[in-house]
């Protein structure tokens with residue numbers, strides 16, 4: 001049997017979004033014939049009430065988008081039964097591809113610290129296999145770890161926790177910071193995984209002199225091939241090495257030796273760490289590779305269609321937004337992007353209804369194509385068991401004066417102001 005490659009992939013975010021599908025497929029293809037034995041390690045979000053929903057979403061993403069079934073190594077708590085923990089450890093041991101993502105890095109480390117799990121992951125990088133850690137899980141693999149929730153949400157002073165130090169297998173002494181280019185704060189600095197410049201600078205000063213910060217942008221991955229000794233950057237952003245307040249950036253499409261990752265040679269860009277744009281510029285999301293960027297494009301098309309009196313074009317834009325929400329649902333479950341996208345969708349539907357109500361034609365004739373399109377969207381949501389989305393469509397239609405009736409033989413509708421109108 002051919003030896004498996006030794007791969008460590010670090011994703012800044014977007015691990016279950018359309019932007020990382022190709023990266024997952026590429027990594028899996030290097031591990032043998034499909035389907036590859038793969039597991040989802042659920043510890044980072046094991047404390048959350050919606051842990052089962054997150055697990056199901058991630059499994060559906062791998063099955064439907066990546067084309068790879070993934071087994072769950074369920075290790076939500078160190079307080080679980082010895083049998084359940086051993087079952088999870090065996091699944092990790094047998095897997096060629098180990099994936100973990102969002103949640104809390106400090107919680108995950110507390111569950112793992114007295115278990116064989118860190119050694120199992122380290123052994124995978126020594127004997128063959130791929131570890132793909134993203135977002136919260138990515139924070140754990142360095143020399144030290146940022147307890148993000150405790151600092152950003154609770155207000156604890158910036159401090160490091162001991163990490164898994166899996167990067168030592170690649171000869172790197174670094175602290176991994178995913179979400180490096182985050183801009184969700186709008187008017188306040190949420191770069192560097194919600195730390196912002198002042199807090200990162202304070203933490204950086206506490207690192208050993210020979211260690212550095214390894215930043216990975218959102219929707220970007222750093223793939224370390226331990227056999228070839230190469231570091232490849234893929235996705236839509238960049239990887240940043242920060243030493244003593246100065247940064248070296250390498251863009252997606254770059255491949256270099258792992259040992260040169262922090263080198264200032266070549267076409268890298270070095271600058272002072274505090275020179276990043278701040279203030280209002282952080283609110284600019286047009287360049288962000290995200291659900292909101294896609295929705296913004298469709299909303300612009302919707303506005304143009306309304307201005308031109310192109311009702312089918314406006315309806316098509318609404319359905320495109322709904323499809324984007326569906327495609328990105330696994331990735332946005334952990335953020336507010338899904339809620340913001342749905343708010344845009346509701347606004348578009350409302351504006352379309354207002355235009356229809358101003359029309360001189362029979363109202364049922366005017367709104368009919370739009371209602372039918374939205375009901376088709378609702379039916380897809382019901383088929384996918386996205387009942388909250390289905391109910392939202394129905395409530396929006398009701399708010400616009402369209403009553404929807406479900407029956408065994410299908411769904412009908414009528415305008416509340418004209419109960420005789422056929423559907």
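The values are calculated or read from the model by the stated rules, or taken from the named source; none is laboratory data. Worth saying up front: this structure is predicted, and the values here are computed from it rather than measured. We place every Cβ from the backbone using ideal geometry, glycine too, and count neighbours over all the protein chains shown.
Would you say residue 65 is more than 23 Å from residue 230 (Cβ to Cβ) and touching a helix residue (DSSP H, G or I) at 6+ places or on another chain (Cβ under 7 Å)?
It is true that residue 65 is more than 23 Å from residue 230 (Cβ to Cβ) and touching a helix residue (DSSP H, G or I) at 6+ places or on another chain (Cβ under 7 Å).
Would you call residue 210 in the same structural domain as residue 15 (by TED's automatic domain parsing) and at pLDDT below 95?
yes
Any idea which residue in the range 93-130 is nearest to the chain's Cα centre (by Cα), counting only those that are closer than 22 Å to residue 48 by Cβ and part of a strand (DSSP E or B)?
Out of the qualifying residues, it is 100.
When you check residue 27 against the structure, is it over 23 Å from residue 293 (Cβ atoms), part of a helix (DSSP H, G or I) and touching a residue at least 60 places away in the same chain (Cβ under 8 Å), yes or no? Walk me through how you get there before you give the answer.
Values: over 23 Å from residue 293 (Cβ atoms): yes; part of a helix (DSSP H, G or I): yes; touching a residue at least 60 places away in the same chain (Cβ under 8 Å): yes.
Here the answer is yes, as residue 27 does meet what is asked.
Suppose the filter is surrounded by fewer than 23 Cβ atoms within 10 Å (Cβ to Cβ), touching a strand residue (DSSP E or B) at 6+ places or on another chain (Cβ under 6 Å) and either assigned to a strand (DSSP E or B) or in the same structural domain as residue 117 (by TED's automatic domain parsing) (or both); does residue 256 pass it?
Yes: the conditions hold for residue 256.
From (1) at pLDDT below 75; (2) over 22 Å from residue 309 (Cβ atoms); (3) outside any loop (DSSP other than H, G, I, E, B), pick out the condition that doesn't hold for residue 380.
(1)
When you look at residue 100, is it farther than 28 Å from residue 262 by Cα, touching a strand residue (DSSP E or B) at 6+ places or on another chain (Cβ under 8 Å) and buried (at least 18 other Cβ atoms within 10 Å of the Cβ), yes or no?
no
Can you confirm whether residue 167 is farther than 23 Å from residue 259 by Cα, touching a strand residue (DSSP E or B) at 6+ places or on another chain (Cβ under 9 Å) and assigned to a helix (DSSP H, G or I)? Before you say what the answer is, go through the steps one by one.
Details: farther than 23 Å from residue 259 by Cα: no; touching a strand residue (DSSP E or B) at 6+ places or on another chain (Cβ under 9 Å): yes; assigned to a helix (DSSP H, G or I): yes.
Judged against the criteria, residue 167 is not a match.
What residue, of 167, 125, 161, is touching a helix residue (DSSP H, G or I) at 6+ places or on another chain (Cβ under 9 Å), buried (at least 20 other Cβ atoms within 10 Å of the Cβ) and assigned by TED's automatic domain parsing to the domain that holds residue 13?
After ruling out the rest, the residue left standing is 125.
Every residue in the range 197-233 that is buried (at least 19 other Cβ atoms within 10 Å of the Cβ) and on the phi > 0 side of the Ramachandran plot, please.
Listed by number, the list holds a single entry, 219.
Checking residue 144 against (1) surrounded by 17 or more Cβ atoms within 10 Å (Cβ to Cβ); (2) closer than 20 Å to residue 108 by Cα; (3) out of contact with any strand residue (DSSP E or B) (no Cβ under 6 Å at 6 or more places or on another chain): exactly one of these is not met. Which one?
It is condition (3) that residue 144 fails.
Just checking, which of 81, 17, 106 is in contact (Cβ under 8 Å) with a residue 24 or more places away in the chain, farther than 23 Å from residue 224 by Cα and assigned by TED's automatic domain parsing to the domain that holds residue 194?
Residue meeting the stated conditions: 106.
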